[in-house]
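*Asks:* Below you'll find the structure I mean.
Quick note: the coordinates plus some simple rules give every number you see, no bench work behind them. Keep in mind that what you see is a predicted model, and the values were worked out from it rather than measured. Using ideal geometry, Cβ is built from the backbone for each residue, glycine included, and neighbour counts are taken over all protein chains shown.
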Amino acid sequence: MNSTYLKLFVDSLEKYRKLNDAEFGRLMRAALTYKATGEVVNLMGREEILLDGIMLDIDRDNQRYAEISEARRRAGEKGGRPKSEPASSVKQKKQMLFGESKKSQDKDKDKDKDKDKDKDKDKDKDKDKDSIGAAAPLPSDAKHKRGQFGWVRLSDAEYQRLIAEFGESVAQHYIAYVDESAQQTGNKNKWKDWNLTIRKAIRNKWGGDVRQESRWKSLD
């Protein structure tokens with residue numbers, strides 16, 4: 001995994017308030033295990049449903065972290081740090097910036113008054129926003145149709161992570177299974193997060209274990 005911490009917001013107390021202490025403890029331990037090692041812990045209580053959402057947030061954070069690290073690496077290869085400027089030049093720039101900042105502060109005072117009014121209007125709108133997964137999608141998060149009928153939509157990054165974690169044959173098998181299930185029922189289950197649905201299908205072996213089926217076919 002890319003980072004050494006797990007994001008846990010204060011409003012988690014409200015989100016997980018229906019869990020008892022034992023369920024909440026198992027949920028946090030499973031989340032930390034997935035963050036540290038990538039291992040998916042099988043839970044049997046009510047906390048299992050909440051773990052899927054936490055793992056999805058961890059995957060998104062890891063993706064953003066990897067893209068930022070790659071961008072910084074490329075920037076370092078292009079030139080590294082600029083040469084140091086003379087002390088006199090640095091001092092002169094600071095004086096100029098301080099003068100411009102003082103002027104802009106006076107102009108911004110009137111703007112701040114109008115902003116305070118707008119903030120009051122926006123408070124009601126912000127109440128309905130969910131803080132988890134609220135970041136704007138990155139260009140690499142663009143969804144593409146997968147499967148014969150095109151119900152399953154996954155970004156390239158999501159698809160590659162499935163292949164890396166479970167193997168290409170397993171990923172394609174369960175994508176096809178979920179896609180056909182949605183086609184047959186008109187998606188009566190109202191699946192929207194296809195990445196999470198595919199992962200759940202793999203963990204719970206919907207329609208049977210593809211690895212077991214492949215082994216019997218090889219024996220034939």
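*Asks:* What chymotrypsin sites (Phe, Trp or Tyr not before Pro) does segment 1-84 have in DSSP loop regions with at most 14 other beta carbons within 10 Å?
*Replies:* Hits after loop and neighbour filter: Y5, F9.
*Asks:* Which pairs, out of K7/K145; K15/K35; K119/K192; K15/K119; K15/K205; K15/K115, put more than 23 Å between their alpha-carbon atoms?
*Replies:* Where the Cα-Cα span goes over 23 Å, the pairs concerned are K7/K145; K119/K192; K15/K119; K15/K205; K15/K115.
*Asks:* Looking at segment 12-78 from every direction and averaging, what is the projected area of its Cα convex hull in nm²?
*Replies:* 5.3
*Asks:* Turning to a different aspect of this structure: Once you have the Cα-Cα distance between D57 and Q148, take 0.36 nm times their residue separation minus that, and quote the gain in nm to one decimal.
*Replies:* 29.9 nm
*Asks:* What FRET efficiency comes out for the pair E39/N187, r = Cβ-Cβ distance, R0 = 41 Å, nearest 0.05?
*Replies:* It comes to 0.85.
*Asks:* Here's another thing I want to ask about it. Report the label-to-label distance for D21 and D118 in nanometres (one decimal), using points 7 Å from each Cα along the Cα→Cβ vector.
*Replies:* That separation, rounded to one decimal, is 4.8 nm.
*Asks:* What are the GluC sites (Glu not before Pro) within segment 19-70 that DSSP puts in a loop, where the Cβ has at most 15 other Cβ atoms within 10 Å?
*Replies:* Those satisfying the criteria are E39.
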